[in-house]
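Just below is one structure, and these are the notes that go with it.
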Amino acid sequence: MAERPIGANLRTALEDKGWSYTRLIAEMRKVAGRQGKTLPTTANLIAMLSRWLNDHERPSLFYREILSGALGLDRAELEAGSGQELAVTLPAPAPRIACSSSIEAPSMVACWTT
């Protein structure tokens, strides 16, 4: 099964935090540093973020882990709706009502639920 994009989830997380690309990149560098990893230049990260946010590319597992750590989200939260199914509770359907009358007594109508 093809993996679905996560751009909308990234945009929402950035908007919720009021973060710019620059702030997210700074947080990503902190997370990567704690793992002993280095990230590309800021210009390259900005280009990557743009591709991810606009769903032109999907971040690799490495970057999804860095992003989720930087944003304070579980990876599942970051990826929700992008390959993971969300439970949706729908309201119960309204009962159906049937009615009937007879030719002999047209003013008498009987109704019941089905």
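Rule-based calculations on the coordinates, nothing more; no lab input. All figures in this text were calculated on a predicted structure; none of them were measured in a lab. In this analysis, Cβ positions are derived from the backbone assuming ideal geometry, glycine residues included, and neighbour counts consider all displayed protein chains.
What net charge do the residues around residue 12 carry, taking every other residue with its C-beta under 13 Å from that of residue 12, with Lys and Arg at +1 and Asp and Glu at -1?
On the way: positive: 11, 17; negative: 15, 16, 77, 79.
Local charge sum for residue 12: -2.
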Inset, instruction - Could you line up 52, 112 from fewest to most neighbouring Cβ atoms inside 10 Å? - result: 112, 52
Inset, instruction - Note down the magnitude of the dipole of the stretch 7-79 about its Cα centre, charges +1 on Lys and Arg C-beta and -1 on Asp and Glu C-beta and zero elsewhere, to the nearest 20 debye. - result: 320 debye
Inset, instruction - Enter the mean projected area of the convex hull around the alpha-carbon atoms of the stretch 7-79, in nm², rounded to one decimal. - result: 4.2 nm²
